[in-house]
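Here's the structure, in structure tokens; my notes come after.
The values are calculated or read from the model by the stated rules, or taken from the named source; none is laboratory data. Please read these numbers as outputs of a predicted model, since none were measured by experiment. All Cβ positions, even for glycine, are placed from backbone atoms using ideal geometry, and neighbour counts span all protein chains on display.
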């Protein structure tokens, strides 16, 4: 029964959710709405579980003096301070102007979050120089497309091409060409065709997996190595 | 000799040059001309074609990491909507986003108030705040906006807000404006709401996620698309503004040129090494 009941629940709930998509009747929509509300509650519980797990994993690493344990200490301290301020000092008003929670958000979370993302630019420049090596025809095609899209997306691309064309004495008909138009064509045609193929392939894979789960053929989510 | 030195180049020199190339145009703008692309024009036209005074749903699904790309387009969209006297109902599906979205709304509303125009929270706009659940929240909103968000960001009872008096579900909106940094975002709104509830939608997103949304744009599921900071700058251009995205584009232009140069130089080094061995 430990396996049969979860399998039955999955099949019934999966069936209801699929039916609600295609059957505009309250027999399908009412249970589906209820299940959606349950899903929202379960996700909210997930945050509690996730928070508890962060504490468990990091406190264990701190006590056992694992590698980089001082960073984990900072993480746990930050989590505790934010949690205590939110729960006991700011309470429901934790997002209002002037509260300690919002101060932490504005002065710590926002700059650190933005910094992590901004650092990508430096690593991309370094990777472009050291790792983007053209060793085959396919890599050459990728590099040419990347250069066109990269330059076509910014005003400097067209400005640079215009300056080169003006100084090179290029025929008048070619002077009208713009790298941004070429970039738009790459995005509209070859990129779109490839992306659509990937999307359709992935969607069919999701449908097949979903059906396997609902029908009880795929049981890996139950655990136990089945 | 020069190529050998280039091959052994410390990457910190690359970081320094890139840093200067980004900083320089922010301090001394180059004012490079910006030409709006077709997807950006479509985004602009979709809002321009809305009836005056209608109520629009806007989902701002991002956190501070995407601030330079997404906050400028959020502000320009709010300005365009409020110039048309549209009412805006805002939701957030990213847990790191409610505060930054709230600040963005209030900063833009303050611009209008400074000009003597009356914009009242709960009457002309409302931030419903964050709700956990991703796609489940999107589907629940199709059953009822007020039942999904009983309280707004500032804990006002949504059933008493004048802006939501005539709002029931997605059928109450002529358009969804989604500003998205990833998951959950544009893809999920298209799959769960556009295709299921037939709510027309437009999207502004980070540059890295644009290729994923182009099929939806071409299929007409998205009626317009702003692609990253470049899209935001083009949108500002269409609205006759010189905002944060326009200022940032000069820096981004030089950074793109530098990355392109890095690719070329890296390969020149590779080819010269191969040539030397041959």
If you go through region B:88-129 one residue at a time, how many are buried (at least 20 other Cβ atoms within 10 Å of the Cβ), in contact with a strand residue (DSSP E or B) (Cβ under 8 Å, 6 or more places away or on another chain) and facing another protein chain (nearest Cβ under 9 Å)? 3
In region B:147-169, what count of residues is obtained for those that are away from chain A (no Cβ under 14 Å), surrounded by 14 or more Cβ atoms within 10 Å (Cβ to Cβ) and assigned to a helix (DSSP H, G or I)? 3
Candidate set: region B:44-58, residues that are free of Cβ contacts under 8 Å to residues at least 60 places away in the same chain and within 20 Å of residue B:217 (Cα to Cα); chosen: the one surrounded by the fewest Cβ atoms within 10 Å (Cβ to Cβ): B:49
Residue count, region B:76-87, condition buried (at least 22 other Cβ atoms within 10 Å of the Cβ) and closer than 25 Å to residue B:210 by Cα, comes to 4
Apart from one, (1) part of a helix (DSSP H, G or I); (2) at pLDDT below 95 all hold for residue A:72; the odd one out is (2)
Test of understanding: among A:146, A:137, A:127, which residue is at pLDDT 90 or above and more than 24 Å from residue B:19 (Cβ to Cβ)? A:137
Which ones in region B:226-278 are out of contact with any helix residue (DSSP H, G or I) (no Cβ under 6 Å at 6 or more places or on another chain), outside any helix (DSSP H, G or I) and facing chain A (nearest Cβ under 9 Å)? none
Hey, among the residues in region B:25-43 that are away from chain A (no Cβ under 13 Å) and out of contact with any strand residue (DSSP E or B) (no Cβ under 7 Å at 6 or more places or on another chain), which one's surrounded by the most Cβ atoms within 10 Å (Cβ to Cβ)? B:28
Are there helices (runs of 4 or more DSSP H) fully within region A:139-226 with at least 2 residues that are facing chain B (nearest Cβ under 9 Å), over 25 Å from residue B:252 (Cα atoms) and in contact with a helix residue (DSSP H, G or I) (Cβ under 6 Å, 6 or more places away or on another chain)? List them. A:190-214
Return the residue satisfying two criteria in turn: it lies in region B:1-17 and is at the interface with another protein chain (Cβ under 10 Å from one of its Cβ atoms) and in contact with a helix residue (DSSP H, G or I) (Cβ under 7 Å, 6 or more places away or on another chain), and of such residues it is farthest from residue A:131 (Cα to Cα). B:17
Counting only residues that are surrounded by 18 or more Cβ atoms within 10 Å (Cβ to Cβ) and within 25 Å of the chain's Cα centre (by Cα), region A:127-142 contains a total of 2
Residue under question is residue A:11, and the condition is that it be more than 10 Å from chain B (Cβ to nearest Cβ) and either farther than 20 Å from residue A:206 by Cβ or modelled with pLDDT under 90 (or both); does it hold? no
Tell me the residue from B:179, B:163 that is over 14 Å from residue B:55 (Cα atoms) and at pLDDT 95 or above, please. B:179
Return only the number of the condition from (1) within 11 Å of another protein chain (Cβ to nearest Cβ); (2) outside any helix (DSSP H, G or I) that residue B:57 does not satisfy. (1)
Would a scan of region B:197-205 turn up a residue that is at the interface with another protein chain (Cβ under 10 Å from one of its Cβ atoms), in contact (Cβ under 8 Å) with a residue 24 or more places away in the chain and buried (at least 19 other Cβ atoms within 10 Å of the Cβ)? no
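Okay, residues lined up against (1) loosely packed, with under 12 Cβ neighbours inside 10 Å; (2) in contact (Cβ under 8 Å) with a residue 12 or more places away in the chain; (3) in a helix (DSSP H, G or I):
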{"position": "A:7", "(1), (2), (3)": "no, yes, yes"}
{"position": "A:11", "(1), (2), (3)": "no, yes, yes"}
{"position": "A:15", "(1), (2), (3)": "no, yes, yes"}
{"position": "A:19", "(1), (2), (3)": "no, yes, yes"}
{"position": "A:30", "(1), (2), (3)": "no, no, yes"}
{"position": "A:39", "(1), (2), (3)": "no, no, yes"}
{"position": "A:65", "(1), (2), (3)": "yes, no, no"}
{"position": "A:80", "(1), (2), (3)": "yes, no, yes"}
{"position": "A:85", "(1), (2), (3)": "no, yes, yes"}
Is it the case, given these coordinates, that residue B:46 is within 11 Å of another protein chain (Cβ to nearest Cβ), within 23 Å of the chain's Cα centre (by Cα) and either assigned to a helix (DSSP H, G or I) or closer than 29 Å to residue A:115 by Cα (or both)? no
Quick check on region B:148-155. Is at least one of its residues within 18 Å of residue B:196 (Cα to Cα) and either modelled with pLDDT under 95 or touching a helix residue (DSSP H, G or I) at 6+ places or on another chain (Cβ under 8 Å) (or both)? yes
For region B:207-225, enumerate the residues that are in a helix (DSSP H, G or I) and either away from every other protein chain (no Cβ under 13 Å) or more than 16 Å from residue A:150 (Cα to Cα) (or both). B:212, B:213, B:214, B:215, B:216, B:217, B:218
Considering (1) within 14 Å of chain A (Cβ to nearest Cβ); (2) at pLDDT 95 or above; (3) touching a helix residue (DSSP H, G or I) at 6+ places or on another chain (Cβ under 7 Å), say which one residue B:20 fails and leave the rest. (3)
